[in-house]
Amino acid sequence: MAAGFAIAGRAKAADIDVVIIGAGAAGLAAGHALKAAGRSAVILEARGRVGGRAWTDTTLGPSYDAGAMYIHWAERNPWATIARDLGVQTTSESWGGGFRAFADGNPMPADDRRRRREAFRQIDRKLETADISSRDLSVAELLGDLAPETAPVAASGLLLSIGEEADRISARDYQRLWAGDDLLVPSGYGNLVARHAEGLDIRLNQPVEAIRWDGPRVSVTTPTGTIEARSCILTVPIGVLKAGTIRFTPALPPATEAALAGLRMGALTKIALKVVGDRFDIAPGTTLIESGKPEQLISFEMYPDGKDLVIGYCGGDFARRLSEAGPDAARQHATDLLARMIGGDFRAAVKAVSFPAWWTDPFAKGSYSVCLPGHEAAREALAQPIGGKLLIAGEATAGGGAMTVGGATLAGRAAAGTLLKLKA
Ligand SMILES: Cc1cc2nc3c(=O)[nH]c(=O)nc-3n(C[C@H](O)[C@H](O)[C@H](O)COP(=O)(O)OP(=O)(O)OC[C@H]3O[C@@H](n4cnc5c(N)ncnc54)[C@H](O)[C@@H]3O)c2cc1C
């Protein structure tokens, strides 16, 4: 990997078959597939690191995964195989520790807990019975006939899984997402993805500003120069594409723009607190959930794997506001809630915060792609080749594997396969 290696001036067109934009799971997968087929590929990455939304954060000392953490649907996830091939240990054991629910800082009575669990089950039940074959619905519509106090509780679980409000989630897209067993990577999923970058030609600190695709080749410009290639695989998150920070000449075709309009980024985020000293008799791995206000649902994983960390999770519009407010506000909010749940002495244990606010991260602009109601064909439409030489790939184009590292990897491989066929 060429760390921070600049594109010196204008790279020779004939030298490069494919320029790949983004060194996340999709970009790496495309790079490996092209290399295996004997094609030359250069990967341009805006950040000073690889892995994108798979990132094992060590800024607090003990590590945790700030983005992806689970190898979902492990039975068919390529990362189960990649980990095994690299000798990286995975486990199906969760960190355990039990579960405690709170409402406004007070332990939730058993009856309320039961009602809450029951509300969560409603989404699956409604998906089984609702007729979404003739018309797509939002998940909120699906829950429309529940009691007014039950629907928001049922929908709140989606804030932590999809990272988005239920009225912005297509029921059809939600229904087709793959399910299966989850694996954890004790040494960090982000670290695993970064290891997979070995052997590829990656140029870090190269934020792409412009893509020209009207000539016989594609030319891609970053602040340090322009690179030309026969074709381009674009794996930046759709949040970045929608923000318009990359200038396309000519503009992207209407069908691609329409596909982008049918998708948006969710806003799941974690808030990591470094905590030292007293552990308040809480077993490592215990989950504390505060659900007094369903729209601000937040869950805390206490001392995961025995580490001096507490990891908070929240999503949707509340996470957007918190991301915009910044790390001090996030630390304050998480600390105030935990102090109410487990006692005021908790404040003294909090030493530092790391706040991977994906919603305001300029190279992510959100956690992962969500399909808007009525736009369930958008993922496939986004993956259609543009002008015979430009392909968009990434978790957003991964169909039932969307929103995951595994899906991004399959999408990156598929894009490389399409290009190989087009340019055979
Ligand atoms: C909080 C959170 C929890 C998650 N949990 C899980 C989980 O448990 N399991 C799971 O499978 N998935 C999870 N995900 C989703 C998973 O991280 C993503 O689906 C996956 O990493 C996306 O890979 P990608 O290659 O499509 O995009 P990315 O990883 O985002 O890669 C795109 C790359 O493009 C780069 N880029 C952006 N703009 C530019 C530019 N202008 N020029 C050059 N490069 C640019 C980015 O820096 C990035 O490296 C989670 C995500 C978040 C945020």
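Here are the numbers for the structure shown:
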| quantity | calculated |
| --- | --- |
| Mean-position separation - Cα centroids, segment 277-319 and segment 84-110, in angstrom | 9 Å |
| Contour minus Cα-Cα distance for residue 112 and residue 380 (0.36 nm per residue) | 92.3 nm |
| By accessible area with a 1.4 Å probe, ligands and nucleic acids excluded, highest first: order of 226, 58, 90 | 58, 90, 226 |
| The chain, relative contact order [Cα under 8 Å, separation at least 6], % | 26 percent |
| Dipole magnitude of segment 209-290, debye to nearest 20 (Cβ charges: Lys/Arg +1, Asp/Glu -1, about Cα centre) | 200 debye |
| Separation of alpha-carbon centers, segment 123-144 and segment 15-33, rounded to whole Å | 38 Å |
| Within segment 51-74: backbone nitrogen closer than 18 Å to the residue 89 label point (7 Å, Cα to C-beta) | 62-65, 70-71 |
| Sequence-distant lysines (8 or more away, or on other chains) whose Cα lies within less than 30 Å of residue 270 | 126, 242, 293, 307, 351, 365 |
| DSSP-loop trypsin sites (Lys or Arg not before Pro) across segment 101-189, with at most 15 other Cβ within 10 angstrom | 135 |
| Highest-fluctuation residue, 199, 27, 105 considered, GNM on the chain with Cα pairs under 10 Å | 199 |
| Ellipsoid equivalent to the chain - semi-axes via the Cα gyration tensor, in Å | 38, 25, 18 |
| Area accessible to solvent at residue 167, 1.4 Å probe radius, in Å² | 90 Å² |
| Sequence ranges 151-157, 264-270, 217-223, ranked by mean other-Cβ count within 10 angstrom, highest first | 264-270, 151-157, 217-223 |
| Sulfur and carbon atoms: percent of accessible area, the chain [1.4 Å] | 52 percent |
| Rounded to 5, percent antiparallel among DSSP beta bridges of the chain | 60 percent |
| Kyte-Doolittle mean at least 0.5 and Cα axial length at least 15 Å: DSSP H helices in the chain | 25-36, 151-161, 405-422 |
| Solvent-accessible heavy-atom area per residue, rounded to whole Å², over the chain at 1.4 Å | 41 Å² |
| In nm, spacing of pseudo-spin labels at residue 243 and residue 226 (7 Å Cα→C-beta vector) | 2.5 nm |
| Top of 42, 236, 276 by mean-square fluctuation, Gaussian network on the chain, Cα under 10 Å | 276 |
| Under 5 Å, built H, 5+ apart or other chain: amide partners of residue 108 | 101, 102, 103 |
| Relative contact order, percent, segment 99-183 [alpha-carbon distance under 8 Å, six or more residues apart] | 29 percent |
| Longest DSSP-loop-exposure-free segment, GluC sites (Glu not before Pro), the chain, at most 16 other Cβ within 10 Å | 210-424 |
| Relative contact order (%) - criterion: Cα under 8 Å, at least six apart; region: segment 163-266 | 21 percent |
| Cα gyration tensor of segment 181-242 - equivalent ellipsoid semi-axes, whole Å, descending | 30, 14, 12 |
| Surrounding net charge for residue 34, when Lys and Arg each add one and Asp and Glu each subtract one, Cβ distance under 12 Å | +3 |
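The values are calculated or read from the model by the stated rules, or taken from the named source; none is laboratory data. Note that the structure is a prediction, hence the values are computed from the model and not measured. Glycine gets a Cβ as well: all are built from the backbone with ideal geometry, and neighbour counts include every protein chain shown. Calculation scope for accessible area: heavy atoms of the full protein, side chains included, ligands and nucleic acids excluded. Shrake-Rupley method; radii C 1.70, N 1.55, O 1.52, S 1.80 Å.
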